[in-house]
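The values are calculated or read from the model by the stated rules, or taken from the named source; none is laboratory data. The structure displayed is predicted, hence computed values, not measured ones. We place every Cβ from the backbone using ideal geometry, glycine too, and count neighbours over all the protein chains shown.
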Amino acid sequence: MMLPRVAIMISGRGSNMEAIVASTREGVLRGRCEVCGVLASRGDAAGVALAEALAVPTRIVPSKGEDTQSYGLKLLGALESWSPDYLVLAGFMRILSPDVIAAYRGRIVNIHPADTAAYQGPDGYGWAAAHNLKQTMITVHLVDEGVDTGPVLCRRAVDLTGASTRDEIAQQGLRVEHAMYSECLADLLSGQYDALVSGIRSRNTRE
Ligand code: GRF
């Protein structure tokens, strides 16, 4: 049986990537999908070495100096040979161009370390620290043309009592992220979010 193929896209540490790969081998994603490759926007991303150690194919598509449009075309070219069914963003720090969104509409997922309704943009844990939040929310969502604006698949609360610095908050949050991302992907793959997926797939932003 052919399993759905997932390409994971990273720019940094890669701890979510590592958790997802582990889950396909011995967790909730086992028998549900395979990671066909890890694409990194920079060669010095720690996650690249991590993926290599896990024997997952890697590809580096440097984003430095690229505008969104031309970078998007490079991404599409690089992804082509893997023929992924899904793009899973895990700390990928570039905005995807409308071409990429159109090519994979409804099949691109992101994890955001905050409630996307409350905060969009980078460093959601820094934002939680700056606002002394007692609780934050991790969000997994489908990706559309906006920044952290796509339909929400799942949200999970993280209790931040006892964590005050950004690093302490990130530590608590990442623990939740690592479990939650694979669980949410498993639900997506089993069809639980089909209504949201068809909603985003029927949008035509090019009209
Ligand atoms: C995570 O906090 C994720 O929510 C955000 O970027 C961070 C990536 O961390 N989008 P890692 O590279 O998976 O360790």
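Residue count for the range 87-122, restricted to those that are out of contact with any helix residue (DSSP H, G or I) (no Cβ under 8 Å at 6 or more places or on another chain) and under 21 Å from HIS178 (Cβ atoms): 7. Within the span defined as the range 33-48, one or more residues are within 16 Å of the ligand (Cβ to nearest atom), within 21 Å of PRO122 (Cβ to Cβ), within 15 Å of the chain's Cα centre (by Cα) and hydroxyl-bearing (Ser, Thr, Tyr).
In the range 168-183, the residue that is nearest to MET17 (Cα to Cα) out of those that are more than 12 Å from the ligand (Cβ to nearest atom) and charged (D, E, K, R) is GLU183.
With respect to LEU142, is the statement that it is hydrophobic (A, V, I, L, M, F, W, C), touching a residue at least 40 places away in the same chain (Cβ under 8 Å), more than 16 Å from ASN16 (Cβ to Cβ) and crowded, with 19+ Cβ neighbours inside 10 Å true? Spelling it out, LEU142 is indeed hydrophobic (A, V, I, L, M, F, W, C), touching a residue at least 40 places away in the same chain (Cβ under 8 Å), more than 16 Å from ASN16 (Cβ to Cβ) and crowded, with 19+ Cβ neighbours inside 10 Å. Residue count for the range 2-31 satisfying the condition of being more than 13 Å from PHE92 (Cβ to Cβ), more than 11 Å from the ligand (Cβ to nearest atom) and crowded, with 19+ Cβ neighbours inside 10 Å: 5. Of all residues in the range 96-121, those being surrounded by 19 or more Cβ atoms within 10 Å (Cβ to Cβ) and either at pLDDT below 95 or within 16 Å of the ligand (Cβ to nearest atom) (or both) number 11.
Is the range 56-76 home to any residue that is modelled with pLDDT of 95 or more, closer than 24 Å to HIS178 by Cβ, hydrophobic (A, V, I, L, M, F, W, C) and buried (at least 18 other Cβ atoms within 10 Å of the Cβ)? Yes, because at least one residue in the range 56-76 is modelled with pLDDT of 95 or more, closer than 24 Å to HIS178 by Cβ, hydrophobic (A, V, I, L, M, F, W, C) and buried (at least 18 other Cβ atoms within 10 Å of the Cβ). Applying a threshold of 7 Å to beta carbon distances and a minimum spacing of six or more residues, or different chains, the list of pairs starting in the range 6-19 at a residue that is touching a residue at least 12 places away in the same chain (Cβ under 8 Å) and ending at one that is within 6 Å of the ligand (Cβ to nearest atom) and acidic (Asp, Glu) reads ASN16/GLU177. When the range 67-95 is limited to residues that are of a type in the set (A, V, I, L, M, F, W, C), within 16 Å of VAL6 (Cβ to Cβ) and outside any helix (DSSP H, G or I), the one that is nearest to the ligand (Cβ to nearest atom) turns out to be ALA90.
If the condition is being within 14 Å of the ligand (Cβ to nearest atom) and modelled with pLDDT of 95 or more, then the range 137-151 contributes MET137, ILE138, THR139, VAL140, HIS141, VAL143, GLY150.
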